[in-house]
Amino acid sequence: QVRLVESGGGLVQAGGSLRLSCAASGRTFSRYARGWFRQAPGKEREFVAAISRTGGSTLYVDSVKGRFTISRDKAENTVYLQMNSLKPEDTALYYCAATWGPISRSSYEYNTWGQGTQVTVSS
């Protein structure tokens, strides 16, 4: 069974850092582009960052550029999201996802999703 499992969320003060992990099992996800999305209460799911199969290309939403870094460890089939200088508006449930297609900002391109990990940033 194919699974993506996120971890690393939690409660942090504004200005702090968290590192999210997304571990994949059941399939060779090294062949998949991977993405991070987030959804705050009452809002639609939002693209955060994505990384290509090789790790050579990355995309970010403007609001996190310079603060968040996406990376991947092919050997461990794991993708990371390093989040620095966190702001209260970063508070959301963060999901990782995988797509067989090319790197993308669109949630419609991703066909495998994790259950999410909660990130809460206090002011």
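The values are calculated or read from the model by the stated rules, or taken from the named source; none is laboratory data. This is a predicted model, so every value here is computed, not measured. In case anyone asks, the SASA skips ligands and DNA or RNA and just uses the protein heavy atoms, side chains included. Shrake-Rupley method; radii C 1.70, N 1.55, O 1.52, S 1.80 Å.
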At a probe size of 1.4 Å, how large is the accessible area of R31, to the nearest 10 Å²? 140 Å²
Per residue accessible area in Å² of the chain, where ligands, DNA and RNA are left out and the probe is 1.4 Å: 52 Å²
Expected output is a single nm value to one decimal: the length gained when fully extending between S57 and D73, i.e. 0.36 nm times separation in residues minus the C-alpha distance. What is it? 4.3 nm
All lysines inside 18 Å of K74 as judged from Cα atoms, apart from same-chain residues fewer than 8 positions distant: none
Tell me, what is the 1.4 Å probe accessible area of I70, in Å² to the nearest 10? 10 Å²
Which of the aspartates and glutamates could a cross-linker span from K65 if the Cα-Cα distance has to be under 19 Å and same-chain partners fewer than 8 positions apart are dropped? E46, E89, D90
Tell me the accessible surface of S122 in square angstrom (1.4 angstrom probe, heavy atoms of protein chains only), to the nearest ten. 40 Å²
Give me log10 I(q)/I(0) at q = 0.13, 0.17, 0.18 Å⁻¹ for the chain, Debye formula, one equal scatterer per alpha-carbon, no solvent. -0.44, -0.77, -0.86
